[in-house]
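Here is the structure we will look at.
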Amino acid sequence: MIGIIVTGHGEFASGLTSGLKLLAGETEYYEAVDFKAEDSTELLTEKLKEGIRRLKDCEAVAVLADLTGGSPFNMASRLKMSGIHENMEVIGGINLPLVLHAYMSRGMISDIRELLDASLEMGKQHMTYFHISDDACELEE
Amino acid sequence: MAIVHARVDERLIHGQVAMVWTNTVGASRIIVVNDEAVKDELIIAGLKMAKPAGVKLSILSLKRAAEKFAEKAYEEDKVFLITKNVTDMATLIRSEVPIKAFNVGNVAKREGSRPIKKSVNLTEDDEKDIREMIQLGVSVTAQMLPNESDQSIVNML
């Protein structure tokens, strides 16, 4: 099972997780790491390490961060480069559809890059206007 | 043709349904059966936006749904059928739409209803309909999400 860590500024991670739980139920092999106003980057790094530790039964760990280049993303990237886990990926700019997709599809996709490629695609596809769609739909009264 | 899942959900297609249930049951087509939706542009627009990519969508009146199933219109599809309330689901079953099981996901509080679990509020008429369907051999569950128990709803009535 690919472990997932969601992390971001303020309570982004907890907030997004609350949405995820409403859609997918209680989470497992999943950690949320908040980077609060009063936290130092050292503390953030410790929280991320703790999250990775808690996912020790997972053969791969995906860290999903709010902003590419933000501290959660950066600290996670440094941990990856330090070799803390031999099968770890970090992505930034996440949204709920991406996280939901990764969370639900990891049961079927065991390669972490394949999983995240698909989840990134899903996240991007979701970003759209409300519009009256021309999509074919069978409509019969 | 298989109706891979039938669901009563007052919100029709929404987050849980579009993103979680559709994939879990492996549907190729979502069929929303509702007399109001079929005439309402706003509801139709909303349903089109909510449905997952790659899944076909049909929006039918109760009458048309019964006719289309009788005509075997969906032989190639794995159908996820959704009605807004228990009454409509029961009507479809009585019209011989081949529904062997249905799941009661979200039913709002209304006058005369009581909560049998979080997000499921049934009136006496709903309970009567459900018991009648169970007598006909239809299995009825109350799972909001796929990881909840699929025990019979009768245990909660």
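The values are calculated or read from the model by the stated rules, or taken from the named source; none is laboratory data. The structure presented is a predicted model; accordingly, all values stated were derived computationally and were not measured. Heads up, the Cβs are rebuilt from the backbone with ideal geometry, glycines too, and the neighbour counts pull from every protein chain shown.
Observations on the structure shown:
- Among the residues of region A:13-22, not a single one is out of contact with any Pro (no Cβ under 6 Å at 6 or more places or on another chain) and farther than 23 Å from A:Met122 by Cα.
- Unmet criterion (only one of (1) at pLDDT 95 or above; (2) within 14 Å of chain B (Cβ to nearest Cβ); (3) crowded, with 18+ Cβ neighbours inside 10 Å) for A:Phe35: (2)
- Count of region A:27-46 residues which are touching a residue at least 24 places away in the same chain (Cβ under 8 Å) and closer than 28 Å to A:Met104 by Cα: 11
- Any hit, region B:21-35, residues being more than 14 Å from chain A (Cβ to nearest Cβ), outside any strand (DSSP E or B) and touching a residue at least 60 places away in the same chain (Cβ under 8 Å): no
- Boolean, A:Asp117 is of a type outside the set (Lys, Arg), modelled with pLDDT under 95 and either surrounded by fewer than 16 Cβ atoms within 10 Å (Cβ to Cβ) or not in a helix (DSSP H, G or I) (or both): no
- A:Gly107 meets all of the listed conditions (1) more than 8 Å from every other protein chain (Cβ to nearest Cβ); (2) at pLDDT 90 or above but one, namely (2).
- Taken as a whole, the structure leaves A:Glu50 outside the set of residues that are surrounded by fewer than 21 Cβ atoms within 10 Å (Cβ to Cβ), of a type outside the set (A, V, I, L, M), part of a loop (DSSP other than H, G, I, E, B) and on the phi < 0 side of the Ramachandran plot.
- Residues in region B:38-48 include at least one that is part of a helix (DSSP H, G or I), among the charged types (D, E, K, R), touching a strand residue (DSSP E or B) at 6+ places or on another chain (Cβ under 9 Å) and closer than 18 Å to B:Gly15 by Cα.
- Of A:Pro72, A:Pro97, all but one fail to be part of a helix (DSSP H, G or I), touching a His at 6+ places or on another chain (Cβ under 8 Å) and surrounded by fewer than 19 Cβ atoms within 10 Å (Cβ to Cβ); the exception is A:Pro97.
- Hits in region A:85-94 (condition: in a loop (DSSP other than H, G, I, E, B), free of Cβ contacts under 8 Å to residues at least 40 places away in the same chain and buried (at least 16 other Cβ atoms within 10 Å of the Cβ)): A:His85, A:Gly92, A:Gly93
- The set of residues from region B:1-17 being crowded, with 21+ Cβ neighbours inside 10 Å and within 18 Å of A:Ala24 (Cα to Cα) comprises B:His5, B:Arg7, B:Asp9, B:Leu12, B:Ile13, B:Gln16, B:Val17.
- Every test in (1) within 27 Å of A:Lys21 (Cα to Cα); (2) within 12 Å of chain A (Cβ to nearest Cβ) is passed by B:Phe80 save one, and that test is (2).
- Residue in region A:123-137 that is modelled with pLDDT of 95 or more and away from chain B (no Cβ under 14 Å) present: no
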